[in-house]
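The structure under discussion appears below in the form of structure tokens.
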Amino acid sequence: MRVTPQCVVALTWTLKDTLGDILDQLDEPVEFLVGGHDLLDKIDEALQGHVAGDEMELHLEPEHAFGDYDDQLLFLEPRSAFPQDLEEGMAFEGLPEGCSPQAPSDKIFFVSEIYPEHVVLDANHPLAGMALRLHLKIHRVREATVDEVGQGTLGTGFFRLAT
């Protein structure tokens, strides 16, 4: 079966930055819904017409990946609003009480720095502003079920981290 809109593909990949450093590697095939919310649009487009066994190399500029880095999505918040066991890299869906009311509530915020009195939170996707190289391998292709199409995702959307 060829990849068509709204089918399911099982993929592995190696994701690198433009210097060739590996950012993520998926060694075991994981299923994604093509034409849903699991993959970036450019990946969906590139997969069309391919079959199991095909491999491809993609170069994604920030505007086709996770967007440009937006310094307006950095927030300095009071340390007291966060749990004691706070660590850099932790993620929060929205901000807790006592934080900036102008911060978007539909974002995931990553703790980027911790100071005694303040915490720096970043609502940019961790790969925002980066051009990416992606080596993809298609392992399986199948028709999507009605339920999968209705949900718009298989729940494995690495490329669709809520931002």
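The values are calculated or read from the model by the stated rules, or taken from the named source; none is laboratory data. This one's a predicted model, so the numbers in the text were calculated from it and none came from an experiment. Quick reminder, even Gly has a Cβ in these numbers, built from the backbone with ideal geometry, and neighbours come from all protein chains shown.
Kindly provide the set of residues from region 1-56 that are farther than 19 Å from residue 145 by Cα, loosely packed, with under 13 Cβ neighbours inside 10 Å and in contact with a strand residue (DSSP E or B) (Cβ under 9 Å, 6 or more places away or on another chain), ordered by number. Listed by number, the residues that qualify are 18, 20, 22, 24, 25, 27, 28, 53, 55. Checking the structure you have, find out if any residue of region 98-114 is assigned to a loop (DSSP other than H, G, I, E, B) and modelled with pLDDT of 90 or more. No, because not a single residue in region 98-114 is assigned to a loop (DSSP other than H, G, I, E, B) and modelled with pLDDT of 90 or more.
Checking the conditions here, which among 115, 69 is touching a residue at least 12 places away in the same chain (Cβ under 8 Å), loosely packed, with under 12 Cβ neighbours inside 10 Å and aromatic (Phe, Trp, Tyr)? After ruling out the rest, the residue left standing is 115.
Selection over region 1-44 of residues that are of a type in the set (D, E, K, R), over 17 Å from the mean Cα position of the chain (by Cα) and not in a loop (DSSP other than H, G, I, E, B) gives a count of 2. Scanning region 78-88 for any residue that is assigned to a helix (DSSP H, G or I), of a type in the set (A, V, I, L, M) and not assigned by TED's automatic domain parsing to the domain that holds residue 141 turns up at least one such residue.
The set of residues in region 84-136 that are more than 18 Å from the chain's Cα centre (by Cα) and under 22 Å from residue 24 (Cα atoms) comprises 87, 88.
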